[in-house]
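Throughout, read-outs are computed from the coordinates displayed, never taken from laboratory work. All values reported here derive from a predicted model rather than from experimental measurement. Here the Cβ is made from the backbone with ideal geometry for all residues, glycine too, and neighbour counts use every protein chain on show.
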Amino acid sequence: LVTQLSRFGLVGLVGLGVYVVFFNLLAATVLTPAAIHEGPIIAKVISTSIAIVTNWLGNRHWTFRDDRRHHWLREGIEFAVVSVGGMGISLACLWISHYLLGFTSLLADNIAGNGVGLVLGTAFRFTLYRLWVFKPRRGEIVAETEPAPEGVLQRS
């Protein structure tokens, strides 16, 4: 668990770097709130999507490499579903801060989306990646090691 959590953290830091660069680049240029009202939200969706692909590759090939499944497409879809859930948590934090509470500066957007939202979304993602997406031996049929005693019905 400690090794996986450490690797997950390092992969996440790389993904965070990718995300922050793209988010700030987009939010400060083509997707500013002055140009597009929903600019910060759109910038977050685009930059998070790029980071999700980066994180999937890192987690699949390093963090959970011993637990990855042969069905890479299914695993990738499940990873994306969980990642979108984590993004939803982060987006909710950004939306509440920016639109509900009125903290509209780029710094406030970064604190809400990349601070509070990141912590909550990361806990959500790691838990579901470990318990669902990369769960060892998920879906495998485990053979019984001992036969049932005489007269006891076995499940088929």
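Note that segment 9-20 has calculated 3J(HN,Hα) couplings of x, 5, 4, x, 5, 5, x, 4, x, 4, 4, 4 Hz, one per residue in order, obtained from phi through the Karplus relation 6.51 cos²θ - 1.76 cosθ + 1.60 (θ = phi - 60°); glycine and proline are x.
For the listed peptides 86-94, 1-9, a ranking on the average number of other beta carbons within 10 Å per residue, highest first, reads 86-94, 1-9.
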